[in-house]
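Written out below as structure tokens is the structure these notes cover.
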Amino acid sequence: MVHKAGGQIRWAARLDGDRLRSGRVAGALALVLGCAYFLAAMLGLALRSEPGGVAVFWPASGIAAGVLMALGRPARSGVVLGVFGATVAANLSTGRGAWIAASFGLCNAGEAVLAAWLVERWSGRRFKFDELRGLWGFLAAAALAPAAAGIVAVLAMRQFQAAATVLDLWCDWASADGLGIVTVAPLVVGLYHLAGERMPGRELIESLAALALLAASSAALYTAPAGSRVAQIPSAVLFPLLLWVAARCRPAFAAAAAFIISGALVGSTTFHLGPFARSGATVLSVQVTMLVASLCTLTLAALFVERRRAETALLESNERLQLALGGAQLGIWCVDLATGVFESDARDSRINGHDLARPPRTLAEARRFVYPADLPLLDKAFAAARRRGAPCRAEYRVHVGGESAQLRWVAVEGSVVRDAAGRAVRLLGVTRDITQRRLAEAQKDLLLAELDHRVKNALAVVAAVASRTQQASTSLSEFVAALDGRIKSMATTHELLSGRKWQGIRLAELLQRELEPYATGSNVSIAGSDVVLRAEAGQAMAMAVHELVTNAAKYGALSVERGRVSVHWAHAGGNGAGVGLALDWMETGGPAVAPGTRPGYGTSVIRDLVPYELGGSVELQLAPEGVRCRLQIPAKWLSGRDQPRRPSRTGADEPTAAAEGRF
């Protein structure tokens with residue numbers, strides 16, 4: 001049965017072991033095999049060297065051995081019955097006695113079983129003639145099994161071949177059966193395995209065309225009459241066809257090609273046609289020619305299959321290697337120590353900044369890309385590897401980008417390859433781009449140093465704030481409340497800076513965080529462009545704003561219901577440092593302001609911190625209608641670009657009650 005699917009052809013006609021063990025299937029196999037064996041046996045008897053003699057070619061032995069090799073042990077009973085019955089019938093039809101026919105039947109059946117057992121033991125149960133080692137095991141089995149069966153068969157053959165010596169009879173039996181196994185069994189096994197394989201239609205057509213051309217050529221050469229042009233062509237012209245089949249087709253078709261050559265030789269010799277008949281060639285010369293043709297074809301087929309399998313395995317291995325190298329971002333390089341020839345793949349060239357169109361061909365050319373200061377370290381690592389024979393590892397920098405070259409960090413790992421005499425012949429290794437790792441390490445070191453610096457500064461600020469707060473406080477509760485508020489303000493600023501990875505802080509967000517606890521919906525108004533302060537400026541501004549907010553909440557506009565605080569900022573020139581930031585704080589509606597007798601800690605923070613830390617200026621007015629404060633800082637403490645934004649306004653316009661005390 002033949003199935004076609006997806007442009008492929010699959011032959012479905014295989015039997016499994018369980019079905020072969022059943023009595024009905026075994027009987028059917030015995031019947032079918034018996035018929036095939038009988039016809040092949042009659043053909044073998046027709047090819048005897050002399051009437052009543054031994055057959056010079058016994059194809060039936062190849063059928064029996066091939067079926068057992070293909071189907072395995074479960075088919076043994078069916079094959080034995082079929083071979084025995086067919087042998088007995090074939091010999092009785094030629095007038096031989098019953099006991100001689102039975103003896104030959106036992107010998108033929110035992111020969112097939114022994115050959116199949118030896119092949120299974122030496123070449124494996126699923127042998128397909130696709131590997132050279134298995135082919136050698138098959139050839140050994142094809143020689144030993146007929147030789148062993150011939151010892152028993154000689155005793156029976158002596159009854160009708162009394163004139164022949166025992167050695168001649170044994171040689172005739174062993175050569176005829178062995179040749180039958182070599183030429184026919186591979187074809188049977190190949191067809192069986194081909195039945196379970198999917199085969200593209202184009203391959204099948206090519207294989208059948210090659211066999212047809214080989215059959216036509218063999219028939220023409222081995223049956224050409226004397227004096228014709230074809231008779232002058234040597235048989236060697238068939239070799240390219242055999243090579244075609246062996247190289248391009250599956251082993252089953254190579255076995256078919258060997259069978260075609262053998263059939264043409266036997267047919268032309270039997271009917272006295274062609275060059276072998278005209279030259280008076282002996283039976284032995286014909287058998288040797290058949291054997292050589294079969295061995296060459298089967299050997300070539302096995303070699304080509306092994307080569308294709310090795311190429312496929314190598315291709316898959318290379319694909320896996322490239323996949324692994326690609327996933328690990330590794331480049332491969334090699335240096336011949338004798339000639340200095342340098343070879344590398346495209347990934348290594350990209351990592352080292354080489355020109356992909358004209359990569360370096362020598363080690364000297366490749367060294368030009370390495371940063372000069374790193375060359376001694378690289379040479380030292382490889383020199384140590386050559387002395388100790390251990391892998392070497394090094395990291396170096398390369399120039400990338402021509403005139404506007406950048407430095408890229410590369411990690412190299414290599415080892416020395418030595419010859420049989422222990423001499424170093426090559427350097428082989430891989431490279432990896434570690435620029436990002438190096439940058440990450442530098443960034444980590446920078447962050448650790450910055451963290452250490454900021455922690456020290458924060459602790460120093462906390463200590464100073466605690467000390468000054470204690471000096472300005474009149475009671476323990478006042479000290480605790482003031483210190484708690486200032487530390488919370490510092491924590492809020494730190495949180496905002498951490499959220500932006502210490503890349504700055506938005507002024508609007510800082511003001512919103514400080515004013516949020518006191519905003520009632522209409523008592524606070526903030527407006528200005530989207531200004532981002534640098535981290536250092538953000539901390540100083542946060543402390544100053546916190547003191548303004550705390551004062552307004554305790555004594556100013558945020559302490560009464562009708563009070564209102566307005567905060568506006570914009571760019572302005574100041575202090576000769578270019579365009580900076582001007583922030584205006586204005587309180588209205590709060591208690592009347594009465595200037596204190598001495599400035600408090602909050603006043604000192606506002607007036608002194610911004611000028612001291614940022615080089616800016618502060619204008620603080622304790623006006624009767626409310627506090628007025630203008631903070632200016634240079635442009636160097638700003639980052640980012642201004643982006644217009646809608647003012648955020650909350651405030652209340654209700655009357656307020658008076659309160660005493662400022663800062």
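The values are calculated or read from the model by the stated rules, or taken from the named source; none is laboratory data. Since this is a predicted model, take the numbers as computed values, not measurements. Using ideal geometry, Cβ is built from the backbone for each residue, glycine included, and neighbour counts are taken over all protein chains shown. Heavy atoms of the whole protein, side chains included, go into the accessibility calculation; ligands, DNA and RNA do not. Shrake-Rupley method; radii C 1.70, N 1.55, O 1.52, S 1.80 Å.
Side notes on the structure shown:
One line per residue, one yes/no per condition, for (1) at pLDDT 80 or above; (2) of a type outside the set (Val, Ile, Thr); (3) in contact with a strand residue (DSSP E or B) (Cβ under 9 Å, 6 or more places away or on another chain):
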residue: Ser228; (1), (2), (3): no, yes, no
residue: Ala246; (1), (2), (3): yes, yes, no
residue: Ala252; (1), (2), (3): yes, yes, no
residue: Ala256; (1), (2), (3): yes, yes, no
residue: Leu265; (1), (2), (3): yes, yes, no
residue: Thr269; (1), (2), (3): no, no, no
residue: Gly280; (1), (2), (3): no, yes, no
residue: Val283; (1), (2), (3): no, no, no
residue: Gln287; (1), (2), (3): yes, yes, no
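- Some residue of segment 142-150 being open to solvent by 40 Å² or more (accessible area, probe 1.4 Å), in contact with a Pro (Cβ under 7 Å, 6 or more places away or on another chain) and either part of a helix (DSSP H, G or I) or charged (D, E, K, R) (or both): no
- Residue satisfying condition, being touching a helix residue (DSSP H, G or I) at 6+ places or on another chain (Cβ under 8 Å) and open to solvent by 70 Å² or more (accessible area, probe 1.4 Å), within set Arg418, Arg367: Arg367
- Just one of the numbered conditions (1) open to solvent by 60 Å² or more (accessible area, probe 1.4 Å); (2) closer than 20 Å to Gly190 by Cβ is not true of Ile233: (2).
- Hits in segment 58-74 - residues which are of a type in the set (A, V, I, L, M) and surrounded by 24 or more Cβ atoms within 10 Å (Cβ to Cβ): Ala60, Ile63, Ala64, Ala65, Val67, Leu68, Met69
Conditions tested, residue by residue: (1) over 19 Å from Val188 (Cα atoms); (2) outside any helix (DSSP H, G or I); (3) hydroxyl-bearing (Ser, Thr, Tyr).
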site: Val88; (1), (2), (3): yes, no, no
site: Gly110; (1), (2), (3): no, no, no
site: Phe127; (1), (2), (3): no, yes, no
site: Leu139; (1), (2), (3): no, no, no
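- Qualifying residue in segment 297-308 (condition: more than 20 Å from the chain's Cα centre (by Cα), within 28 Å of Phe253 (Cβ to Cβ), open to solvent by less than 70 Å² (accessible area, probe 1.4 Å) and polar (S, T, N, Q)): yes
- Just one residue in the set Leu169, Leu187 is of a type outside the set (Ser, Thr, Tyr) and open to solvent by less than 10 Å² (accessible area, probe 1.4 Å); that residue is Leu169.
- When Glu197 is tested against (1) modelled with pLDDT under 85; (2) surrounded by 15 or more Cβ atoms within 10 Å (Cβ to Cβ), just one condition goes unmet, and that condition is (2).
- Odd one out for Ala226 among (1) assigned to a helix (DSSP H, G or I); (2) small (Gly, Ala, Ser); (3) in contact with a helix residue (DSSP H, G or I) (Cβ under 8 Å, 6 or more places away or on another chain): (1)
- Hits in segment 209-229 (condition: free of Cβ contacts under 8 Å to residues at least 40 places away in the same chain and closer than 22 Å to Phe259 by Cβ): Ala209, Ala212, Leu213, Ala216, Ser217, Ala220
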